[in-house]
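Scroll down for the structure; my scribbles are underneath it.
Read the figures in this text as sums done on the coordinates, not as results from a lab. Only a predicted model underlies this, so the values are computations on that prediction, with no experimental measurement involved.
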Amino acid sequence: MEKRLFDAPWPELPYDYLFGIYADYPRPEEKIKYLVHKGDLIRVKRGLYVLSPQYGKLISTYVLAELVYWPSYISMHSALKFYGLIPEAVFGVIGVSTKRPFSQVTPFGNFTYHRSSLHEFLWGLRLEAIDQHRQVRVASPLKALFDLIRFNVVNYGRKSDQELFEYIELMRIDFEDFKVTRSDLEGLKSSKSKRIREFLLQVMSHYQLEIM
């Protein structure tokens, strides 16, 4: 194994980092290509690599999600699964960005991003620890549910409350462990999506969600 790679602080490695640690080579880019060919590095996309599992460092798809497309945060099914609020497995990572919609197929799953206005992007975000050194931005449970409706429910503005309740019930969300902070609630109330805002306030009342 390559000692310089073994000393890397994390397994997700941008091209600039790799170029830097091999800057003393005549052609660092050729060294990086060789390491990919050799299997020490796995290419996620242009400019982003991860260490081979032989280096014994745990790869986080949540960290990769931020590196694949930035600025972004993890949301919808991916966020609800992160908090352990839905039972189903989630393949790949779903995120939200202020940039155009984007999708990337990688050896570690598909990364899909929806586009949001800056106003709706900023509220309801949490910095969650992946390990002692890394954090990622994850939608709060309330924001994840907000995003699910606005991006997954076609013509949600025309859906009845019963139809929207049936939709979220299909996901079998564990509302007993569904935590809502006062900041989340204030963010929801500031949302410009009146239909989703009013519906989620009904959801909070229906499930008697406590404000923390």
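Couplings 3J(HN,Hα) for the range 40-53, derived from phi with the Karplus relation 6.51 cos²θ - 1.76 cosθ + 1.60 (θ = phi - 60°), are 6, 10, 10, 7, 8, 7, 4, x, 9, 9, 10, 6, 4, x Hz, where x marks Gly and Pro.
Sorting the Cα pairs of the range 1-110 by distance into bins of 5 Å, from 0 upward, gives 2, 11, 21, 20, 17, 13, 9, 5, 2, 0, 0 percent per bin. Cross-link pairs exceeding 29 Å in C-alpha to C-alpha distance, out of Lys57/Lys179; Lys45/Lys99; Lys159/Lys179; Lys45/Lys81; Lys99/Lys143; Lys33/Lys143, comprise Lys57/Lys179; Lys33/Lys143.
Counting alpha carbon pairs within less than 8 Å and at least 6 residues apart, what relative contact order, in whole percent, applies to the range 104-200? Walk me through the intermediate numbers first.
Values: 65 pairs, mean separation 28.7, N = 97.
Computed value for the range 104-200: 30 percent relative contact order.
Largest GNM mean-square fluctuation across Asp131, Asp147, Asp40, computed for the chain with C-alpha springs under 10 Å, falls on Asp131. Checking (i) 38, 20, 14; (ii) 39, 16, 15; (iii) 25, 18, 17 against semi-axes √(5λ) of the Cα gyration tensor in Å calculated from these atoms, the matching label is (ii).
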